[in-house]
Amino acid sequence: MLLKKILFISASLSCLVFANASTIDTSKQILDTKAQIAELQAKLQELENATTTQKQKDEELALIKKRKDEALKTHTEFGFVSTKGNTNTTAYNLDTKIQKAFNKHQLTFLGDGEYASDNGTDTKNKYLLELNYGYKLNKNLYLEYILGYKYDEFSGYDYQAYTGPGLKYKAIQSDVHNLDLSSALLMSTDKQESDVDAYNYTSGRVKIEYSWQIFKNLKFAETFTYRADITKIEDYFIFSKTAFTSKISDIFSVGLNYKVDYVNMAETGKQRTDKTLSANLIADF
């Protein structure tokens with residue numbers, strides 16, 4: 001009888017010990033699980049914070065880029081030559097480009113003027129003014145409207161004017177190469193010296209603008225424009241500007257330009273091609 005009691009007590013104690021051990025193991029598992037959950041939550045929070053921080057950085061960079069793109073930009077080139085003594089000559093040229101963007105809209109003003117005199121007599125007097133409005137359709141394509149006026153005292157034309165819509169496609173955009181392709185359908189007016197009345201016609205224009213950042217402080221740029229009467233294709237005009245520019249500071253550069261202004265149907269006694277080579281001081285703001 002006593003032996004049975006001892007066996008019963010031993011069995012009961014074994015069950016209690018086993019149950020207690022099981023309870024300890026379960027509690028340990030629960031604590032371990034809670035710790036893992038807490039660790040996962042902490043990592044998740046870190047990931048969320050990192051994502052939020054990166055998003056904020058991206059938004060800040062996008063805002064900075066937007067402000068930079070929409071800032072007023074001016075580009076001015078000026079060249080001047082003057083001689084006194086046996087010869088008295090004066091020559092200067094002024095090119096300017098002013099650009100302002102806002103949201104999907106962009107306004108660009110272009111000015112190109114040349115003047116020269118010899119002993120007080122004008123030998124060159126010409127300028128071109130152009131206003132361009134652009135509306136951004138997508139990343140690369142712009143809808144444009146162009147308004148232009150050209151005066152050249154020695155070309156045989158009193159003036160030339162044109163206006164109309166067009167498209168611009170940014171074919172290449174990079175830190176090294178940039179290529180813009182433009183086309184437009186323009187209502188044009190030419191007033192020749194030999195004619196009493198101005199000639200009104202529809203013309204088509206193609207423009208190519210290419211730039212190549214050869215080195216950090218050396219840049220090559222080419223602008224080519226072709227405009228022609230769509231009913232008389234032999235009546236056309238070509239303008240080309242080839243330029244090399246070298247930076248000397250954040251704002252100032254020096255440049256060498258070669259311009260070719262070609263009129264296919266020039267007035268009698270006038271040269272078809274007018275060429276200008278100039279060295280300029282350039283300022284970009």
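The values are calculated or read from the model by the stated rules, or taken from the named source; none is laboratory data. Predicted, not measured: the structure shown is a model, and the values here were computed from it. When we count neighbours, we look across all protein chains shown, and the Cβ atoms used for this are built from the backbone with ideal geometry, even at glycine.
The figures follow:
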{"quantity": "Flag if LYS65 is basic (Lys, Arg) and modelled with pLDDT of 90 or more", "calculated": "no"}
{"quantity": "Filtered residues of the range 124-163 (kept if surrounded by fewer than 17 Cβ atoms within 10 Å (Cβ to Cβ) and aliphatic (A, V, I, L, M))", "calculated": "LEU129, LEU131, LEU137, LEU141, LEU143, LEU147"}
{"quantity": "Subset of the range 231-245 (residues that are loosely packed, with under 14 Cβ neighbours inside 10 Å and of a type in the set (A, V, I, L, M))", "calculated": "ILE233"}
{"quantity": "1 or more residues of a type in the set (Asp, Glu): qualifying strands (runs of 3 or more DSSP E) within the range 216-273", "calculated": "218-229, 252-263"}
{"quantity": "Criterion (of a type in the set (S, T, N, Q) and either modelled with pLDDT under 85 or in contact with a Gly (Cβ under 6 Å, 6 or more places away or on another chain) (or both)) met by exactly one of THR51, THR76", "calculated": "THR51"}
{"quantity": "Some residue of the range 172-187 being at pLDDT 95 or above, within 25 Å of GLU267 (Cβ to Cβ) and either in a strand (DSSP E or B) or hydroxyl-bearing (Ser, Thr, Tyr) (or both)", "calculated": "yes"}
